[in-house]
Every structure is written in C-alpha cells, then in structure tokens.
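The values are calculated or read from the model by the stated rules, or taken from the named source; none is laboratory data. Bear in mind that the values here come from a model prediction, so they are computed numbers and not experimental data. With ideal geometry, Cβ positions are generated from the backbone for all residues, glycine too; neighbour counts draw on all protein chains shown. SASA here: full protein model, heavy atoms, side chains in, ligands and nucleic acids out. Shrake-Rupley method; radii C 1.70, N 1.55, O 1.52, S 1.80 Å.
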Amino acid sequence: MVLRADRQGAAEHGHRITAAIACHVARAGGSVDQLTQLLLHPEHEGGRHTRHIALRSGQSRALDYIRRVWASASDAISTTIALGSRHEAYEVLAALRDRIETTPWRGERGRTALRVLRAHLNFAEIAGGPLHHASERQTAEEAGVSRTTLRAVYETVLKPGGWLRRLRTGHGQEGSTWYLGDGTIPGHGDHALLSRFRSTQFPPDPALEEWTTPETATTADIDSTALSHLMGHDAFAHHALGSAALLIISAMHLRPDQTVAELVGTSSVSRATTYRTLKRLADHGLVQHTGGTWTLAPRALEGFGIRLPDDAGNGHTLAQGWADIAEQHGTWGIAARRKARHTAERAAYQQALDRFAEHRSRAVVLVRDGRQVLVPLPRPDEIPPTWHAPDGRVLDPVTGRPAADWRVATDGRLILITPSDQRSYDELAAAHAEALSEWESVA
C-alpha cells in the first residue's frame with residue numbers, strides 16, 4: 001500500500017529533479033524543445049516524473065508542465081550567478097555586503113529593510129551561498145522587528161527592489177527558501193526601490209531656489225557587521241533609539257570623527273534626524289563631540305557611555321549596557337516576549353498540523369501485478385438530482401443559479417474545481433471512473 005503522503009513526497013522530489021535539469025539546460029544555452037526531448041526520452045531517468053504526468057494526464061498536460069518549468073528555470077538563470085565553489089560563493093556574499101553598505105537606505109522603512117536584509121545575509125553566510133532557508137519568525141527575531149513590519153518591507157522594498165526572492169514558501173517545520181539578489185531589477189536600471197527617494201525637506205516650489213536633489217548622498221558608507229550585532233537589542237526598538245541610531249553608530253564605527261554633514265551622507269539619515277539621534281546618543285554618553293566632529297565612546301558598541309566634560313550639570317543618565325538603555329526607554333523585554341510568542345505560535349501550528357493529519361482521510365493504493373490500484377473510499381458528497389444542471393454543472397440551492405467552482409462527476413458526486421488543480425473536470429471525472437472500474441475488476 002502507498003499512502004497519499006508518500007506519493008506527494010515522490011511528486012515533489014520528481015519536480016525538484018525536473019527543475020534542476022531545466023536550469024542546467026537553460027544555463028548551457030539549450031532550448032525548450034531540447035528539454036522536452038530529454039525529459040520524454042524513455043531511457044532518461046530524470047524524466048520519470050514528466051513521463052508519469054504524460055501517462056496519467058495526457059501528452060498535452062505534460063508539455064504544458066515542461067513549458068512552465070522552462071519558464072521558471074529561464075527566469076531563475078537570468079537573475080542568478082553560477083557558483084563553482086564555496087570560495088566563489090563567499091566572494092559573491094562579500095560583494096553583496098559591500099553593495100548593501102554603500103546603498104542609501106532612506107526613511108524609516110528603508111532602515112528597517114536594511115535590518116531585515118542584513119538578517120538574511122547572516123543566514124546566507126551560514127548556508128554558504130545566496131540560497132538559504134529562513135522562516136518569517138526566525139528573520140523577525142534576528143532583525144529585531146515584528147512580523148507585520150517584516151512582511152511590509154518584504155513587499156514594498158526588498159522584493160520589488162531585487163534584493164530578495166522567495167523561491168519556495170515554507171510549510172510545517174521547514175522555513176521558506178530565499179535567494180539574495182544584488183538590488184537590481186532587470187529592465188529598471190541599477191537602483192533599489194526604497195520607501196523614500198527624497199528628503200522630507202524637499203522644497204515645495206523650484207522658484208524658491210532651494211534644493212532640487214535629495215538631501216542625503218547617492219551612496220552610503222556603514223559597517224553592516226556592527227549593525228548586525230546591535231540590531232537584535234531592545235535598545236534599538238522603534239520607541240527607543242531606533243534604526244537611525246543603528247546607522248549612525250555603524251557609520252561612525254567605520255569612519256570616526258565625522259561632522260554632521262558627513263554623517264548625513266554616510267548614514268543616509270536626514271539632517272534633522274541626525275541631530276536628534278546624536279543628541280539622544282550623547283545623553284547616554286555613547287558619542288563624543290569634539291569641535292565640529294563626532295566620534296563613538298570607547299565602549300559604545302557594548303552600550304556603555306562616558307561622561308563628557310561639559311555634561312556635569314545636565315543630569316543625563318550614562319548608559320550601563322544595552323539592557324539599561326532599553327529599560328530607560330520602556331522597551332526592555334520586547335525581544336523576549338516576541339520570541340515567546342513565536343514559540344507559542346509554532347507549537348499551536350504544529351498541533352493543528354497533527355490534528356489535521358489524524359483526521360485526514362488517507363488515500364490507499366493496492367499494488368497488484370506491479371500496478372497501483374486506487375481504493376475508492378466512501379464519499380459523503382452525493383447530491384440530489386434536482387441540483388444537477390446541464391453540462392455537469394451544479395445548481396446553488398440558495399440562489400438557484402449554477403455554481404462556478406463545482407461540477408458533478410460521472411457517478412453523481414461533487415468535484416470542486418480550483419485554480420490549483422492540475423487536471424480539468426473531465427480528466428478528474430475520467431480518472432475517478434477509471435479507478436472505480438479497476439477496483440471493481442480487482443475485487
């Protein structure tokens with residue numbers, strides 16, 4: 001007997017093999033006709049999945065499947081780089097890290113997107129290449145943001161900007177499969193689609209002879225490694241120091257002794273936000289102001305501040321670690337609560353999957369003389385003859401009109417047609433009638 005879960009796993013494995021073969025043919029400069037000949041060749045082991053589709057659903061269905069796989073493979077090859085070794089993979093990741101550090105991430109959403117992208121870069125470095133696996137909860141914990149914010153920057157910044165591609169959605173205990181891009185969109189030039197292209201101080205009228213370009217520079221210069229170590233702390237939550245402090249600290253860690261004008265360019269933070277963030281950091285003793293330049297305190301990356309000579313009577317509280325700063329701003333415990341909530345959600349989701357697996361009716365197949373014979377299970381989906389409409393349609397008992405998604409099979413039972421179905425209504429009905437006939441002949 002072959003259970004449905006085993007057949008589904010075999011089909012997914014066959015599809016992955018077919019997709020890998022299609023990518024190899026596309027990278028070698030082949031065509032869809034050559035791929036078709038390769039997969040439908042009776043002696044080619046890699047085409048077993050495609051030949052099974054042709055045997056089960058017909059030649060036209062198999063050809064349509066090959067064309068879809070070829071389109072996906074061609075798209076993937078055009079936006080990826082062939083890596084011959086792990087050394088080349090790390091070179092690609094190092095170049096990507098440099099590109100991320102020199103890209104201006106303007107606005108609050110852009111800075112949040114940088115945190116999420118840096119979290120994915122951490123996962124990619126562990127995986128050893130741009131292809132990596134990560135769940136939304138795992139990424140949110142790494143970046144120090146909520147899942148709602150994470151999904152927003154996925155859809156508005158990172159995916160449209162060509163920084164991330166979700167190749168496969170995760171299910172159960174498996175995370176989604178992601179591929180890191182270089183921030184370029186084919187056919188749209190070489191720029192990232194960020195949330196804000198201009199500063200909030202853009203003039204309302206060119207006649208005022210004020211700026212006509214963004215306030216920040218077109219390139220940035222930060223240390224994303226320092227940002228990666230700090231972004232998970234509660235002190236950099238939205239209602240505490242925030243993401244602007246992350247970028248300014250990362251910029252000053254890479255290049256000490258910068259003026260405010262220089263920080264505006266290297267951190268890609270607007271002038272007003274830079275002044276406000278520097279004052280907040282100075283209140284905690286994390287930055288020092290000498291003349292016209294700013295620099296980090298000796299232990300600023302650890303969250304410990306120092307008292308400035310001109311700060312004797314201001315009553316500012318020196319930072320005693322990132323936990324102390326988070327407690328002062330009322331954000332202490334956000335990461336722990338987020339992690340506990342995610343753990344509870346994972347447990348609840350797994351329990352739901354277990355309950356679904358227990359109550360799901362499993363399709364049973366008998367192997368007889370080397371052939372698999374489907375055992376038809378009792379189906380409580382028979383409908384009264386008064387609901388039958390011409391051409392196999394079903395009348396809605398409430399409205400009296402034909403229902404678009406339902407059909408009546410040859411045995412008088414319901415069949416639900418959805419966009420995810422791989423076979424049409426006629427093919428489903430024929431397959432069920434054939435299985436019923438085989439079962440009756442064997443019985």
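If a residue must be part of a loop (DSSP other than H, G, I, E, B) and loosely packed, with under 13 Cβ neighbours inside 10 Å, how many such residues does region 42-62 contain? Selection size over region 42-62: 2. Based on this model, can you work out whether E141 counts as within 30 Å of A344 (Cα to Cα) and open to solvent by 40 Å² or more (accessible area, probe 1.4 Å)? Criteria met by E141. Any residue at all in region 278-295 that's open to solvent by less than 60 Å² (accessible area, probe 1.4 Å) and under 30 Å from the mean Cα position of the chain (by Cα)? Checked region 278-295: no residue is open to solvent by less than 60 Å² (accessible area, probe 1.4 Å) and under 30 Å from the mean Cα position of the chain (by Cα).
Could you list all residues from region 99-149 that are among the aromatic types (F, W, Y) and touching a residue at least 60 places away in the same chain (Cβ under 8 Å)? W105, the sole residue that qualifies.
Which residues, taken from region 95-120, are of a type outside the set (S, T, N, Q), more than 15 Å from A245 (Cβ to Cβ) and out of contact with any Ser or Thr (no Cβ under 7 Å at 6 or more places or on another chain)? Of everything in region 95-120, those that are of a type outside the set (S, T, N, Q), more than 15 Å from A245 (Cβ to Cβ) and out of contact with any Ser or Thr (no Cβ under 7 Å at 6 or more places or on another chain) turn out to be A95, L96, D98, R99, A113, L117. Only residues that are closer than 15 Å to I66 by Cβ, more than 25 Å from the chain's Cα centre (by Cα) and open to solvent by 50 Å² or more (accessible area, probe 1.4 Å) were counted across region 7-41, and they come to 5. Within region 65-81, the residues that satisfy the criterion of being of a type outside the set (A, V, I, L, M, F, W, C) and loosely packed, with under 14 Cβ neighbours inside 10 Å are R67, R68, D75, S78.
Of all the residues in region 248-268, those that are outside any helix (DSSP H, G or I) and either surrounded by fewer than 20 Cβ atoms within 10 Å (Cβ to Cβ) or in contact (Cβ under 8 Å) with a residue 60 or more places away in the chain (or both) number 5. None of D354, D391 is over 30 Å from H239 (Cβ atoms), part of a helix (DSSP H, G or I) and modelled with pLDDT of 75 or more except D354.
Consider region 269-288 and keep the residues that are of a type in the set (G, A, S) and part of a helix (DSSP H, G or I). The one that is farthest from R307 (Cα to Cα) is A272.
Restricting S228, S224 to residues that are closer than 13 Å to L114 by Cβ and open to solvent by 10 Å² or more (accessible area, probe 1.4 Å) narrows the list to S228.
Within the set R48, R61, R56, R86, the sole residue that is of a type in the set (K, R), within 29 Å of the chain's Cα centre (by Cα) and at negative phi turns out to be R86.
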